[in-house]
Amino acid sequence: MIDQIYRKTVLTVAGNKAVESVMRSRGWGLAQRFVAGHQADDIIQAVKDLQKDGIGGLLDLLGEFVDSPDTANAFAEQILSLVDQAAAAGIQPYITVKLSGLGQGLTVDGEDLGLTNARRILGRAKPYGGFLALDMEDHPRVDVTLAQFRSLVGEFGHHYVGTVLQSYLHRTEKDLADLADLKPNLRIVKGAYLEPESVAMQDKADINASYRRLVYANLKAGNYTNVASHDDGIIDDVKMFVLAHGIPRDQFEFQLLYGVRRDLQKQLASEGYRVRAYIPYGDDWYPYFSRRIAERPSNALFVLRGMFGG
Ligand code: FDA
């Protein structure tokens, strides 16, 4: 419960326009702990550095909640160019996107622009052996994101597109069951948004128990599972679970955020597990940075010290 109060406080303060304006003008130096840089070259370099330790990359151009088709299309163009640049640099274009940044909810030529742009990106990435993961955002977007995931799997196949389920939502176990026919590639996360009690669990123990159930169910169903967490308890339990159930190491991977628990990332890779870091880059770093601060009180201290000295 204290975790939830802390999270709610940080996300509420972060949403204040005055705070946002100060942070946007003075916070970039601090954000660089979690964000690889502004340009595609920066993320490509970050992937190459991680690859030396046996860690792959999830490439994320920062951007979300876009409300104009032109901005959404410009954002999609930047991702298409990232796909080409990554492939040219010998890196798998494993892209992760927020559909709200690609125009989800805006209708152009009778179709949802988020879906149209996701299709364009997947069409570009697939021939390079790439992959597109659809991040999960706040709860009003879950239905449409899952429906768009279903369409994309139907068009491109489940080896090329994945999505995310959040263990804090009451609905998620049913969502997992409803997706079963797709043999879905799923990233399981706890959930990073400020959600009301009516839709999301608030107690950490409940969220963690739900997390384990989702991972175990997707693994047991034989589906590729991305275990996206920095939680040592969960990671250890997943290691035991796969051992006990004879689940091969090429059926799952651990995913962690760039700049978070680098020690753990390296350790997992050195133990022979597949590991991938979620690497964001771009100019729209503030909402992403706020969510990282909200996940851990010591990150707020790091910001306060960075902003005000000491
Ligand atoms: P938890 O928050 O319980 O933390 C466990 C431990 O991990 C902490 O004690 C600390 O040691 C460490 N830790 C966690 N967060 C940290 C941080 N920010 N800084 C430093 N240490 C930290 N969410 C979402 O809603 N939609 C999405 O699409 C995604 N996508 C996604 C991809 C990947 C690869 C990851 C790792 C996470 C996401 N998330 C997400 C975020 C996710 O929902 C969640 O908010 C964070 O992963 C934090 O939860 P943990 O599972 O790490 O555990």
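The values are calculated or read from the model by the stated rules, or taken from the named source; none is laboratory data. Everything numeric in this text was worked out from a predicted model, so none of it was measured. In this analysis, Cβ positions are derived from the backbone assuming ideal geometry, glycine residues included, and neighbour counts consider all displayed protein chains. When the accessible area is computed, the model is the full protein with side chains, heavy atoms only, and any ligands, DNA or RNA have been set aside. Shrake-Rupley method; radii C 1.70, N 1.55, O 1.52, S 1.80 Å.
So for the stretch 83-177: antiparallel DSSP bridges make up what percent, rounded to the nearest 5?
Details: 2 of 9 bridges.
For the stretch 83-177, the DSSP antiparallel bridge percentage is about 20.
Okay, helix-only estimate at 222 nm for the chain: each DSSP H run of n ≥ 4 adds -39500 (n - 2.57), divide by all residues, round to 500 deg cm²/dmol; what do you get? Walk me through the intermediate numbers first.
Numbers: 13 runs with 155 residues, N = 310.
Mean residue ellipticity at 222 nm (helix-derived): -15500 deg cm²/dmol.
How would Y224, Y160, Y168 line up by accessible area, probe 1.4 Å, largest first?
So the residues, ranked largest to smallest area, are Y160, Y224, Y168.
Keeping to pairs on different chains or 8 or more places apart, tell me how many lysine pairs in the stretch 36-284 have Cα atoms under 14 Å apart. Intermediate values should be presented prior to the final figure.
Details: K52/K266; K183/K220; K190/K204; K220/K239.
Total qualifying Lys-Lys pairs in the stretch 36-284 comes to 4.
From the mean inverse distance of alpha carbon pairs (Kirkwood) and the Cα radius of gyration, derive Rg over Rh for the stretch 188-233.
Ratio value, two decimals: 0.99.
Per residue, how much space in cubic angstrom lies within the convex hull of the C-alpha atoms of the stretch 41-164?
103 Å³
Which whole number in µm²/s is D for the chain by Stokes-Einstein, with the Kirkwood Rh taken over Cα pairs at 37 °C and 0.692 mPa s? Write down the numbers at each step before the final one.
Numbers: Rh = 19.9 Å.
For the chosen part, D equals 165 µm²/s.
Just tell me which aspartates and glutamates come within less than 19 Å, Cα to Cα, of K8; anything on the same chain fewer than 8 places away is out.
Candidates past the 8-residue exclusion: E20, E137, D138, E195, E197, D203, D206, E295.
Name the trypsin sites (Lys or Arg not before Pro) in the stretch 1-73 that are in a loop by DSSP and that have at most 11 other C-beta atoms within 10 Å, would you?
K52
So what is log10(I(q)/I(0)) for the stretch 241-310 at q = 0.17 1/Å, when the Debye sum runs over its Cα atoms only?
Rounded to two decimals, the profile gives -0.79.
How many Å² of accessible area per residue for the stretch 1-148, probe 1.4 Å?
Details: 6520 Å² over 148 residues.
Each residue of the stretch 1-148 exposes 44 Å² on average to a 1.4 Å probe.
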